[in-house]
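We did not get these values from a lab; they are worked out from the coordinates using the rules stated. Quantities reported herein were computed from a predicted structural model and do not represent experimental measurements. Heads up, the Cβs are rebuilt from the backbone with ideal geometry, glycines too, and the neighbour counts pull from every protein chain shown.
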């Protein structure tokens with residue numbers, strides 16, 4: 001039978017691994033998956049029950065049934081690999097029967113704000129998704145599949161992720177003719193990602209949608225120029241003739257439903 005104190009994290013990577021450690025510190029039992037056999041000892045050393053599980057549009061390999069067995073909550077943190085030509089909804093179609101058989105009703109899908117169109121609007125959790133990118137389209141389809149099969153699925157749509165040694169400015173520093181200098185940024189620190197997920201579990205906020213984006217939205221030019229200077233990197237150069245649409249993503253449910261206050265600034 002599922003145990004509400006046992007959490008399975010599908011994808012113990014950049015976000016999933018520190019999330020697992022944070023949940024262990026809260027007293028939860030954590031089962032974690034990886035696609036790399038060499039990472040299994042690292043998960044075990046951290047106190048995580050390790051499993052080798054790999055999803056593809058052709059099926060699932062590894063001990064997925066054992067990974068899910070006994071878990072009261074499943075966190076899916078597997079990013080779509082659109083450039084590799086894989087179907088993210090196809091992966092979810094293979095996963096759903098295993099989740100159903102394990103009798104896990106409470107699922108948290110880590111999704112993205114790319115499900116909203118870049119149409120210069122202010123986006124809330126009530127905004128109808130209208131993705132204009134392939135990854136956004138696949139994520140939205142996966143969200144719908146999970147919510148249809150598992151009604152208590154909560155969808156958490158994160159903005160651009162940063163924290164640790166990861167930051168978008170490292171990919172932009174020194175580049176020229178960057179588009180959309182006046183478009184707003186929608187970013188979130190990894191620590192806040194973890195804090196929000198913990199709050200969802202603690203508040204039992206299932207079957208809902210949350211936008212996870214820090215409340216500050218400077219323009220791309222303002223923010224990345226200042227961040228490059230702060231880190232001693234070469235300034236990115238923007239093309240003001242290349243005007244592309246953006247959006248401001250708000251996260252009212254983070255405050256209103258969870259009562260969570262963002263801890264990290266941009």
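For this structure, a couple of remarks:
- DSSP beta bridges fully contained in the chain are about 15 percent antiparallel.
- Average projected area [Cα convex hull, the chain], square nanometres: 14.0 nm²
- Cα gyration tensor shape for the range 147-207, rounded if a/c is under 1.5, else prolate or oblate: prolate
- For 110, 73, order by how many other beta-carbon atoms lie within 10 Å, fewest first: 110, 73
- In summary, the range 186-266 shows an alpha-carbon radius of gyration equal to 1.35 times the 2.2 N^0.38 Å reference for compact globular proteins.
- Cβ-based exposure ranking for 170, 238, in which fewest neighbours within 10 Å come first: 170, 238
- Gyration tensor (alpha-carbon) shape descriptor, the range 1-107, a/c threshold 1.5: oblate
- The alpha carbon centroids of the range 120-165 and the range 89-105 are separated by 18 Å.
- Computed over the range 30-79, the P(r) curve from all C-alpha pair distances, binned at 10 Å from the origin, holds 25, 59, 16, 0 percent per bin.
- Exposure proxy for 139, 233: other Cβ atoms within 10 Å of each Cβ, ordered fewest to most, give 233, 139.
- Per-residue [θ]222 nm for the chain (sum of -39500 (n - 2.57) over DSSP H runs n ≥ 4, rounded to 500): -9000 deg cm²/dmol
- Taking the average, over residues, of other Cβ atoms within 10 Å as the packing measure, peptides 202-209, 223-230, 4-11 rank 4-11, 223-230, 202-209 from highest down.
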